1. Whole number please: convex hull volume per residue of the Cα set in the range 3-66, in Å³?
2. For the chain, what is the charge dipole size about the Cα centre, in debye to the nearest 20, if Lys and Arg each add +1 at the Cβ and Asp and Glu each add -1 at the Cβ?
3. Which residue, chosen from HIS115, MET156, GLY132, occupies the Cα position most advanced towards the positive end of the dipole of the range 106-201, where the dipole is computed from +1 (Lys, Arg) and -1 (Asp, Glu) charges on Cβ about the Cα centre?
4. Give the range of the longest stretch in the chain that excludes all GluC sites (Glu not before Pro) found in loop regions by DSSP and having at most 15 other beta-carbon atoms within 10 Å.
5. To the nearest 10 Å², what's VAL136's accessible area with a 1.4 Å probe?
6. Taking the Cα centre as origin and putting +1 on Lys and Arg beta-carbons and -1 on Asp and Glu beta-carbons, what dipole magnitude results for the range 3-143, to the nearest 20 debye?
7. Where the only charges are on Cβ atoms (+1 Lys, Arg; -1 Asp, Glu), what is the dipole of the range 138-227 about its Cα centre, to the nearest 20 debye?
8. Starting from the Cα of ASP95, step 7 Å along the direction of its Cβ; do the same at GLN31; then give the gap between the two resulting points in nm.
Amino acid sequence: MPKRPNLSFQIAIDGPVASGKSTIAKQLADQLKMTYIDTGAMYRAMALAAQRNKIDWHNGPAVATLAAKIDIRLARPAGKKKDGRPVSVYLNNEDVSWKIRELEIGEGASIIGIHKEVRKILVKLQQDMCDGKRIVMEGRDIGSKVLPDADLKIFMIADQAERVKRKQKQLKQVGEKVTKKQVQADIVSRDTREMTREIDPLRPTLDAWQLDTTHLSIEQVMDEISKRVKMLEATQRKA
Ligand code: DC
């Protein structure tokens, strides 16, 4: 990884499905004028590309070969693209920002995430995107693998019932009507796969701040994190 210049500041946010990562990471980036990188969107775009090319999500080498050929780009939504999406996602220049949010593609992203060949390519892309920037990056392996030297590592958690509620709301936004039971099954399946996979499993690093968002409003979470960031940035400036 390239050496980090002094002006960079990296915030790594990890956590399971619907723990609050995306909402907070996005708002934090806006508030602190940092670049927001949603790594889950990259796994999702990759899963969509594999599906369209009729490649089995379980076939790691085939998905990795495809990953090396396609172009995945993230951009801040602007103009007409400001339609509630957290980030604009382009797959070979096609806007797939909403398509990748479907339940089925989430499952595909979780499956392709078990392959070391695929992770190697996506982790390198993610690290290259950070070079010298002030960044908020969210995912499953950010503090442990992608940005091990991040200035602030947050591991976000929330009770399962609360996560089911949040996920159901997100899916409604993309027009998917799913039952509570279906959402719960999806969450349990993805949690289990991601926490037990061999490569870069989802788990907090020793230096991560574990933040339970179950009973906190978005404003409260934002306030707690902003305070910590300000303190860390001030310490960094003095050093
Ligand atoms: O954050 P998300 O739900 O949009 O991510 C979709 C899937 O992608 C998630 O279930 C697991 C995988 N993923 C991963 O393996 N590593 C990451 N850094 C981000 C996502």
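1. Numbers: hull volume 8.4 nm³, N = 64.
Dividing the Cα hull volume of the range 3-66 by its residue count gives 131 Å³.
2. On the way: 44 positive and 32 negative charges, 98 e Å.
Value, rounded to 20: 460 debye.
3. MET156
4. Details: sites that count: GLU176, GLU198.
Excluding the exposed sites themselves, the longest stretch runs over 1-175.
5. Approximately 0 Å² of VAL136 is accessible to the 1.4 Å probe.
6. Values: 24 positive and 16 negative charges, 89 e Å.
Its charge dipole is roughly 420 debye.
7. On the way: 17 positive and 17 negative charges, 141 e Å.
Here the range 138-227 has a charge dipole of around 680 debye.
8. About 2.9 nm separates the two model spin labels.
The values are calculated or read from the model by the stated rules, or taken from the named source; none is laboratory data. Small disclaimer: the values here were computed from a predicted structure and weren't measured. Note that we place each Cβ from the backbone using ideal geometry, even for glycine, and neighbour counts take in every protein chain shown. Remember, those area values only see protein heavy atoms, side chains included, never the ligands or the DNA or RNA. Shrake-Rupley method; radii C 1.70, N 1.55, O 1.52, S 1.80 Å.
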